[in-house]
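One structure below.
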Amino acid sequence: MTDSITRQPQGIPVGGQFAPTAHAEPDVSLGIRVPERPVETLHHIRGHDFYPPAEQLASWPALYATDGDGPLGDKPIQAHYFQGSMDWYVAERDPKENLAFGYTDLGYGGEWGYIDLDEVERLRGHLGVPIERDLDFKPGTPAKGCIPRYVEEAAAKAKADNEAADKLAALIGDDPVEEDDRFDLGWDGPAEEDPMSPEDRKLWDGFHRHAYNYGTEVLGVTGFEDRDTVERFAGFAANAYMEAGWDGNMDIHGVVDDWMAQERPLG
C-alpha cells in the first residue's frame, strides 16, 4: 500500500474553494450616536414639535455654560414650555442625557434646577393635555424679560430708579453748573477715561451741585468759611450719596454732621 498524497491546487485554500479565509474588514464603530432631536411620544396629540429645529436645539448652551455670567435675572432663556399654571424655562441642556437646567414653576412658586426634558415631553397636564412649547418665544430672552418673578423685580427696580431720579431732580433743580475752577468733579474730561459710568457721573454731578449750593447758602458759617471748603464739602457729600446707593432721601444735614466730624473732630 502506498501513502496517498493530497495535491492542493495552487490558489485554492485548504478545505476547498469555499473554505473560510482571513481577510481585513473596515473598522466598525459600536458607539451609539446621539440623535439630533430626541424622540417625541405625544406629537400626535400636541400638534406641534416639542423640541425646536435641530439647528436651534444644537445652539442651546451646555450645562454650566452660563454660570457666573451675572444675576439670574440676566440669564438667557432658550425655550419656554407650559400647560395650565405650570411653566418650564430652559437655559442650558446636556444633549447626551437630554437633561436641562432652568426655572420650573408648577403653580406654587418657582425655583431653578434640573429639568428632565424626556419626562416633561411625556407629561400630561389638565384633562390629559400634553405640555406645549411656546412657539412665539424668542431664544436668548433674559429671565427678567419672560419669567414673572424676574419681570416683577426688574419693574420694581426701574420704578425705584425713576423715583430716585425724580427726588434728585427736585433737590438740585434745573440750574446749570457754573464752569469755573471751583468745581473739580474728579474727571479731566474726554482726554481721560471717566472712572464712573455715564449714569453714575450724572448722579454724582447732581448731588455735587446740590451740596455746593447748600454750602454757599451757609458760607461764612463755621466749617464753611470759604468757597474752597465748600467745594471740598460738595465732593465729600457727592461721594456719601454715591456710597448710599444714590439715596435721595438721605438728609443733607446728616452729611454735614459727618463732614464736621471728619474736618473738626472733638478732642
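From most to least packed by mean Cβ count within 10 Å, the peptides 203-216, 117-130, 76-89, 142-155 give 203-216, 76-89, 142-155, 117-130.
The charge dipole of segment 43-146, taken about its Cα centre with unit charges on the Cβ of Lys, Arg, Asp and Glu (plus for the first two, minus for the last two), comes to roughly 200 debye. With unit charges on the beta carbon (Lys/Arg positive, Asp/Glu negative), name the residue among 47, 89, 65 whose Cα is farthest towards the positive pole of the charge dipole of segment 43-146. Farthest towards the positive pole: 47. FRET efficiency for the residue 45 to residue 114 pair, using the beta carbon distance and R₀ = 25 Å, is estimated at 0.45.
Each reported figure results from applying straightforward, stated rules to the coordinates on display, with no laboratory input. Fair warning: this is a prediction, and the values are worked out from it, not measured in the lab. Positions of Cβ are backbone-derived with ideal geometry, glycine not excepted, and every protein chain shown enters the neighbour counts.
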